[in-house]
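**Q** Take this structure, written in structure tokens, and hold onto it; I'll ask about it next.
The values are calculated or read from the model by the stated rules, or taken from the named source; none is laboratory data. Predicted, not measured: the structure shown is a model, and the values here were computed from it. Neighbour counts are summed over all protein chains in view; Cβ atoms, including those assigned to glycine, are modelled from backbone coordinates with ideal geometry. Heavy atoms of the whole protein, side chains included, go into the accessibility calculation; ligands, DNA and RNA do not. Shrake-Rupley method; radii C 1.70, N 1.55, O 1.52, S 1.80 Å.
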Number of protein chains: 2
Amino acid sequence: MVARQVDPDRVFAALADPTRRDIVTRVLREPASVSTLAAGYAMSFAAVQKHVAVLERAALVTKQRRGREQLVRGEIDTVRAVGRLLDDYEELWRGRIGRMEELLAEDSRKDTP
Amino acid sequence: MVARQVDPDRVFAALADPTRRDIVTRVLREPASVSTLAAGYAMSFAAVQKHVAVLERAALVTKQRRGREQLVRGEIDTVRAVGRLLDDYEELWRGRIGRMEELLAEDSRKDTP
DNA sequence: CTGACGTGCAACCACAAGGTTGTACGTTAC
DNA sequence: GTAACGTACAACCTTGTGGTTGCACGTCAG
């Protein structure tokens, strides 16, 4: 349950936008509806909804119907999975290779076709 | 020296590309010249050079002249700084706020103008 | 000195990304 | 039932991004 499969492309790209990072911080504190979130930003509702969709595809948030609202909730497990990705870099840097090979091979398949 | 200032936008965006992540893993293992790196990918030299430039702007790598070559070296401190950013999310999730306020305010200035 | 190498940069192209407005549809309130 | 709310999505525009080729410049080998 803890070992969440994470798409590095999507997660890092999702976190590269300040609005999306802010949304993540807000829903990690406590879940909120999309319109509640949208009220906090100087952009259209549709724009915020798109940001939420990007975060959802990256598994950084999940949505849950609650009446006619949609509760957006932060997914800390995905954040932790990203942290683990970074730990892999750390180990690489320390010169420890070992099982690293297959993990990185999976990631760089599309790089070196 | 350890406390490296990191631009979340640039670092996350830089890490969102598989080729760039692969470059980072390679130069974290051991520094390499740009052309050596370029030889490993199925794209033009200029494309790889641009990727390296993006990584350099994000402070994920540094370049160092060595004769007519340019040694690209991975910057583990920046990776660690990103990890610390993620730790902030973790603390947020745990409900610990405190000094978090000013840290996040600095990050979300551009979000909520 | 000349030539090859390694690098940086500009111009260009295709497509993805972030924003907008407008429309549609299910759900609650009255 | 009607109206308002919350959400989703399509169409569109503009800008950014990842790729290309071509050219210029410094550095080393001969």
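**Q** Would you call A:Ala38 open to solvent by less than 30 Å² (accessible area, probe 1.4 Å), within 15 Å of DNA strand D (Cβ to nearest atom), among the small types (Gly, Ala, Ser) and more than 21 Å from B:Ala13 (Cα to Cα)?
**A** Judged against the criteria, A:Ala38 is a match.
**Q** Something else: Just for region B:41-76: of the residues that are of a type in the set (Gly, Ala, Ser), more than 14 Å from chain A (Cβ to nearest Cβ) and out of contact with any helix residue (DSSP H, G or I) (no Cβ under 9 Å at 6 or more places or on another chain), which one is nearest to DNA strand C (Cβ to nearest atom)?
**A** B:Ala53
**Q** Okay, next question. Mind telling me which of the residues A:Glu69, A:Glu91, A:Glu56 ends up being modelled with pLDDT of 95 or more and surrounded by fewer than 21 Cβ atoms within 10 Å (Cβ to Cβ)?
**A** Of A:Glu69, A:Glu91, A:Glu56, the one residue that is modelled with pLDDT of 95 or more and surrounded by fewer than 21 Cβ atoms within 10 Å (Cβ to Cβ) is A:Glu56.
**Q** Further question on the same structure: How many residues are among the acidic types (Asp, Glu) and farther than 21 Å from B:Phe12 by Cβ if we restrict to region A:41-87?
**A** Going through region A:41-87 one residue at a time, the tally reaches 1.
**Q** With (1) crowded, with 16+ Cβ neighbours inside 10 Å; (2) free of Cβ contacts under 8 Å to residues at least 40 places away in the same chain; (3) within 11 Å of the chain's Cα centre (by Cα) as the list, and A:Ala14 as the residue in question, which single condition is left unmet?
**A** In the conditions (1) crowded, with 16+ Cβ neighbours inside 10 Å; (2) free of Cβ contacts under 8 Å to residues at least 40 places away in the same chain; (3) within 11 Å of the chain's Cα centre (by Cα), A:Ala14 misses (2) alone.
**Q** While we're on this one: Does A:Pro8 fit the bill of being more than 11 Å from chain B (Cβ to nearest Cβ), more than 9 Å from DNA strand D (Cβ to nearest atom), touching a residue at least 12 places away in the same chain (Cβ under 8 Å) and buried (at least 16 other Cβ atoms within 10 Å of the Cβ)?
**A** Numbers: more than 11 Å from chain B (Cβ to nearest Cβ): no; more than 9 Å from DNA strand D (Cβ to nearest atom): yes; touching a residue at least 12 places away in the same chain (Cβ under 8 Å): yes; buried (at least 16 other Cβ atoms within 10 Å of the Cβ): yes.
No: the conditions fail for A:Pro8.
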